[in-house]
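Engineer: Quick one: this structure, given as structure tokens, is what I'll be asking you about.
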Amino acid sequence: MPLALVSPAGDRRFVLPEGSTLVLGRDTISDVPILDPGVSRRHAELRVVGSRVAIVDLASRNGTWLNGKRIQYGDATVGDLIGFGPVELGVVEEMAPRVSVTAPFALDGAQTMVRERPMVSQAEAVEAVAGRRLAQLVAVAQRLGGLARLEALLARIVDDAFEAFDADRVAVLLMNEQGELDMRLARDRTGLAVSRPVPRTIAQGVADRQVSWLLHDASADARATGDSVIQQAVRSALAAPLIGEGRRTLGVLYVDNLRDAHAFTEQDLDFLVAYAGIAAAAMEREQSVERLREATRVRENFERYFTPQLAANIASQAGDVVLGGDRRRVIVLFSDIRGFTEVAERLPPDQMAAQLNEYFAAMVECVFRHNGALDKFIGDALMAYWGAPVDAPDDADRAIRAAMDMQAELIALNARWTADGRPALQAGIGINAGDAFVGNIGSPRRLEYTLIGDTVNIASRLCSLASGGEVLISDAVRALTQQPTPLRLRPELVPERHRGPAVTVLSVEHGAVNASASTGVFRAPSAPRPETQMLRPLPRPPADT
């Protein structure tokens with residue numbers, strides 16, 4: 001007896017003729033049509049061989065199941081339960097005899113097999129199409145929701161659009177920071193990239209007005225008038241804006257057909273609008289994640305150069321990082337190891353690098369401890385500054401205390417290195433104050449937040465004049481200090497400068513210099529030492545009113 005597939009409720013029954021091979025799926029032209037969103041368009045292939053049904057799953061989305069077990073291939077007999085996604089059908093014997101229908105005609109006088117299918121009403125056909133579209137949208141949402149990178153997301157959007165429409169080309173355009181549409185991905189049906197698939201008049205019109213377009217015979221449509229439409233021989237086109245929160249246009253999704261002037265329908269346009277809404281939500285989610293990822297990376301980079309508190313403050317400021325800056329009053333510190341080239345030549349490269357890294361780690365910690373910012377490492381030199389991007393009234397005092405901490409920390413490092421048989425190091429430090437250009441220098445691909453100007457150059461020259469263990473400052477720094485600092489005038493030291501008055505140089509007298517004398521590590525200044533003075537801050541001029 002023939003076999004049949006019957007639903008548990010008995011409302012569905014499909015006879016499986018002996019020896020026939022049938023395709024079961026959601027498509028209305030399937031041999032066994034099941035109009036359920038959970039069933040794939042071509043879900044499975046069934047072949048009746050005697051008393052069994054051979055089953056082949058056709059890469060269905062929700063799988064084919066035999067007695068509760070998912071299968072790729074399987075054989076079912078009477079009494080077995082087959083699941084096609086969420087739809088279950090049992091295998092039974094067809095008891096009632098079925099009258100076979102013989103074709104009333106033949107071609108060329110030969111026997112011809114005619115495959116018959118029951119006709120459905122127009123309402124049933126519309127319902128079937130709507131169910132298929134709904135299932136596609138559900139599948140789209142599931143696929144897009146699982147993607148974590150924007151480029152992969154755009155590729156999936158294009159692939160899904162080719163599956164949903166009779167399209168020759170599909171493109172996604174995204175709005176850039178200048179409010180212009182940029183082509184992000186465009187392919188033809190063969191998968192090849194397309195350079196200019198989207199007529200500008202169509203894309204811009206959809207984006208500006210935030211409306212979707214269905215164009216029949218696009219070259220004759222007044223809305224799409226333009227040379228690019230005619231040159232590209234666009235016959236039919238669909239376009240929908242990708243709209244995010246607050247009615248913000250993220251971009252445009254574009255589909256066209258170069259062969260048929262009526263390739264798309266109103267139902268296609270409705271589907272594209274719904275699809276564009278899902279795609280826009282997925283893109284906005286991913287862009288938000290990407291912005292958060294970028295903000296985290298920016299903050300981590302800031303923390304390499306600023307204290308964690310200052311890094312958080314900078315990273316939280318609104319606006320994009322751009323080229324340029326402004327002039328600010330800053331305190332600039334340079335530190336440089338004396339004779340490091342000779343020391344480095346005696347050490348293996350890995351040992352030299354390890355010792356230099358240990359030195360820099362300790363020096364940067366001293367800078368951060370006093371709320372300074374690290375500008376850069378230049379070989380064995382270090383540049384730090386105070387006063388930017390935010391300033392404080394006691395920046396000059398902080399810079400001096402940081403310098404003395406650096407010298408004290410180097411004494412401790414030398415004691416440990418000497419005990420380990422490693423060479424001791426000497427460092428001179430110079431500090432200057434004044435106006436400098438502060439901002440982002442470089443190119444849009446690689447920016448560096450740095451300081452430029454004569455103030456920086458003089459700080460570097462003061463550092464060059466300083467002996468090992470010595471901290472030299474300019475009178476401009478002394479004028480900004482708020483706390484009394486033991487200083488000694490050094491009239492014999494004159495930093496070179498291209499223009500402007502001569503720079504008065506002072507050395508900071510502190511326990512670090514005196515303590516270093518007993519270690520034998522640092523050289524004492526060769527110049528005569530006039531009496532140390534407790535130089536107090538200069539009176540500040542009244543504030544402008």
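The values are calculated or read from the model by the stated rules, or taken from the named source; none is laboratory data. Fair warning: this is a prediction, and the values are worked out from it, not measured in the lab. Quick reminder, even Gly has a Cβ in these numbers, built from the backbone with ideal geometry, and neighbours come from all protein chains shown. Accessible surface is based on the protein model in full, side chains and every heavy atom, while ligands, DNA and RNA are left aside. Shrake-Rupley method; radii C 1.70, N 1.55, O 1.52, S 1.80 Å.
Engineer: Out of all the residues in region 21-38, is one or more charged (D, E, K, R), without any contact (Cβ under 8 Å) to a residue 12 or more places away in the chain and not in a strand (DSSP E or B)?
Structural biologist: For region 21-38, residues charged (D, E, K, R), without any contact (Cβ under 8 Å) to a residue 12 or more places away in the chain and not in a strand (DSSP E or B): absent.
Engineer: How many residues are open to solvent by 90 Å² or more (accessible area, probe 1.4 Å) and modelled with pLDDT of 50 or more if we restrict to region 495-531? It would help to see each step written out before you state the result.
Structural biologist: Initially, region 495-531 is screened for residues open to solvent by 90 Å² or more (accessible area, probe 1.4 Å), giving 496, 498-499, 501, 510, 514, 518, 523, 526, 528-529, 531.
Next cut, modelled with pLDDT of 50 or more only: 496, 498-499, 501, 510.
Matching residues across region 495-531 total 5.
Engineer: Determine whether VAL78 is surrounded by fewer than 14 Cβ atoms within 10 Å (Cβ to Cβ), of a type in the set (Val, Ile, Thr) and over 46 Å from the mean Cα position of the chain (by Cα).
Structural biologist: no
Engineer: When only residues in region 345-391 that are of a type in the set (Phe, Trp, Tyr) and in a helix (DSSP H, G or I) count, which is farthest from SER464 (Cα to Cα)?
Structural biologist: Ranking the candidates gives PHE368 first.
Engineer: Does at least one position in region 408-424 carry a residue that is within 18 Å of THR485 (Cβ to Cβ) and open to solvent by 20 Å² or more (accessible area, probe 1.4 Å)?
Structural biologist: Yes: one or more hits.
Engineer: When the residues of region 450-467 are narrowed to those that are outside any helix (DSSP H, G or I) and surrounded by fewer than 21 Cβ atoms within 10 Å (Cβ to Cβ), which ends up farthest from the chain's Cα centre (by Cα)?
Structural biologist: SER467
Engineer: Would you confirm, using the coordinates I've provided, whether ALA433 is open to solvent by 40 Å² or more (accessible area, probe 1.4 Å) and more than 39 Å from the chain's Cα centre (by Cα)?
Structural biologist: no
Engineer: Return the residue satisfying two criteria in turn: it lies in region 156-199 and is part of a strand (DSSP E or B) and among the small types (Gly, Ala, Ser), and of such residues it is nearest to ALA282 (Cα to Cα).
Structural biologist: Checked region 156-199; the qualifying residue nearest to ALA282 (Cα to Cα) is ALA171.
Engineer: A further question on this structure: For region 35-47, what are the residues that are hydrophobic (A, V, I, L, M, F, W, C) and at pLDDT 90 or above? Walk me through it before giving the result.
Structural biologist: Initially, region 35-47 is screened for residues hydrophobic (A, V, I, L, M, F, W, C), giving 35, 39, 44, 46.
Once the filter is applied, which keeps residues that are hydrophobic (A, V, I, L, M, F, W, C) and at pLDDT 90 or above, region 35-47 yields ALA44, LEU46.
Engineer: What residue, among those in region 11-22 that are within 20 Å of LEU81 (Cβ to Cβ) and open to solvent by less than 50 Å² (accessible area, probe 1.4 Å), is modelled with the lowest pLDDT?
Structural biologist: PHE14
Engineer: If you check GLY246 against the conditions, is it open to solvent by 60 Å² or more (accessible area, probe 1.4 Å), out of contact with any Ser or Thr (no Cβ under 6 Å at 6 or more places or on another chain) and either on the phi > 0 side of the Ramachandran plot or modelled with pLDDT of 85 or more (or both)?
Structural biologist: When the stated conditions are applied, GLY246 passes them.
Engineer: Inside region 366-380, can you point out the residues that are surrounded by 15 or more Cβ atoms within 10 Å (Cβ to Cβ) and on the phi > 0 side of the Ramachandran plot?
Structural biologist: ASN371
Engineer: Name the residue that is least open to solvent (accessible area, probe 1.4 Å), counting only residues in region 477-494 that are of a type in the set (A, V, I, L, M, F, W, C) and part of a loop (DSSP other than H, G, I, E, B).
Structural biologist: Filtering first and then ranking leaves LEU493.
Engineer: Taking only region 46-75 into account, find how many residues are under 21 Å from GLU163 (Cα atoms), charged (D, E, K, R) and open to solvent by 20 Å² or more (accessible area, probe 1.4 Å).
Structural biologist: Narrowing region 46-75 to residues under 21 Å from GLU163 (Cα atoms): 57-63.
Now narrow it down to the ones that are charged (D, E, K, R): 57, 61.
Next cut, open to solvent by 20 Å² or more (accessible area, probe 1.4 Å) only: 61.
Looking only at that region, the number is 1.
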